[in-house]
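K.L.:
Quick one: the structure is below, questions incoming.
The values are calculated or read from the model by the stated rules, or taken from the named source; none is laboratory data. Source: prediction; values computed, not measured. As a convention, Cβ positions derive from the backbone with ideal geometry for all residues, glycine included, and neighbour counts pool all protein chains shown. Please note that ligands, DNA and RNA were not included when accessible areas were found on the heavy atoms of the full protein model with its side chains. Shrake-Rupley method; radii C 1.70, N 1.55, O 1.52, S 1.80 Å.
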Amino acid sequence: MGNIYKVKINIAATKTNLLKSKKLLSLTQEGHALLDEKRRILINELTSIIHIVDRLQREVDSALHQAYSLVDKTVIIMGRKRLEEISFSIDIKTGLSISERRVIGVSLPVIDMKVRENPPYYSPHEVSFYVDEVIARFKEVLKLITQLAEKKIALIRIAKEVQKTIRKVNALEKIYLPFYEDSVKYISDRLDEDSREAFSMLKLIKERIRE
């Protein structure tokens, strides 16, 4: 693991500090592993939602194109004025209920659209069947738009969480892990050096005593 941030180690070389540094290193390694796993899961989720959003966007575009093409046909058959008059009699209301689910600590919306209607809206006499088809098509368009909105919001939230998680992982990899690894090595080396010096000094004292 390359450390691009060289930090001067300024810690007293004691066994207490060695144990403390080893504990901090262990905790940091565990945190890094958890965050790295979170990053992987979020990226997989993000990739999956990107594909879903792409598919839903195409479906919405296609459904809108077909619905408006049907409106044009209906206008040709019945006339714009007659169609406008019929539209005033259509009693359809939509309602949205929004809840949330959590994926790896991220709140994602769950949007449910309910359509309330009170047919029949008009007498079938001299009314093209295309009118009923237009109504059905646009109800489907609304459902698709609701699904698309849900997934787009989820996409934005997960993308933001991925960015935050990547920054945290990078900080651990480039700053904290190298620092604690270097601290453990520095203290261990100093303690070993002090131990060798103490041993040499003790050996020298014993030799002097024998003399």
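K.L.:
Kindly provide the set of residues from segment 59-81 that are open to solvent by 90 Å² or more (accessible area, probe 1.4 Å) and over 18 Å from residue 145 (Cα atoms), ordered by number.
P.N.:
Residues satisfying the conditions are 72, 73, 76, 77, 80, 81.
K.L.:
Hey, another quick one. Cβ-Cβ distance below 7 Å, separation of 6 or more or different chains: which pairs start in segment 23-48 with a residue that is touching a residue at least 40 places away in the same chain (Cβ under 8 Å) and end on one that is of a type in the set (Phe, Trp, Tyr)?
P.N.:
Cβ pairs passing all conditions: 24/180; 25/180; 28/176; 28/180.
K.L.:
Of the residues 11, 4, 50, which is open to solvent by less than 80 Å² (accessible area, probe 1.4 Å) and either at pLDDT below 95 or not hydroxyl-bearing (Ser, Thr, Tyr) (or both)?
P.N.:
Details: 4 fails: open to solvent by less than 80 Å² (accessible area, probe 1.4 Å); 50 fails: open to solvent by less than 80 Å² (accessible area, probe 1.4 Å).
Testing whether each residue is open to solvent by less than 80 Å² (accessible area, probe 1.4 Å) and either at pLDDT below 95 or not hydroxyl-bearing (Ser, Thr, Tyr) (or both) leaves just 11.
Results for (1) within 20 Å of residue 153 (Cα to Cα); (2) touching a Phe, Trp or Tyr at 6+ places or on another chain (Cβ under 6 Å); (3) hydroxyl-bearing (Ser, Thr, Tyr), shown as yes or no for each residue.
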{"position": "30", "(1), (2), (3)": "no, no, no"}
{"position": "33", "(1), (2), (3)": "no, no, no"}
{"position": "39", "(1), (2), (3)": "yes, no, no"}
{"position": "62", "(1), (2), (3)": "no, no, yes"}
{"position": "80", "(1), (2), (3)": "no, no, no"}
{"position": "85", "(1), (2), (3)": "no, no, no"}
{"position": "95", "(1), (2), (3)": "yes, no, no"}
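K.L.:
Further, regarding this structure: Any idea which residue in segment 82-103 is nearest to the chain's Cα centre (by Cα), counting only those that are open to solvent by 70 Å² or more (accessible area, probe 1.4 Å) and aliphatic (A, V, I, L, M)?
P.N.:
Applying the first criterion (open to solvent by 70 Å² or more (accessible area, probe 1.4 Å)) to segment 82-103 yields 82, 84-85, 88, 93-94, 96, 98, 100-102.
Retained after the next criterion (residues that are aliphatic (A, V, I, L, M)): 96, 98.
Values: 96: 24, 98: 19 Å.
In this case the residue turns out to be 98.
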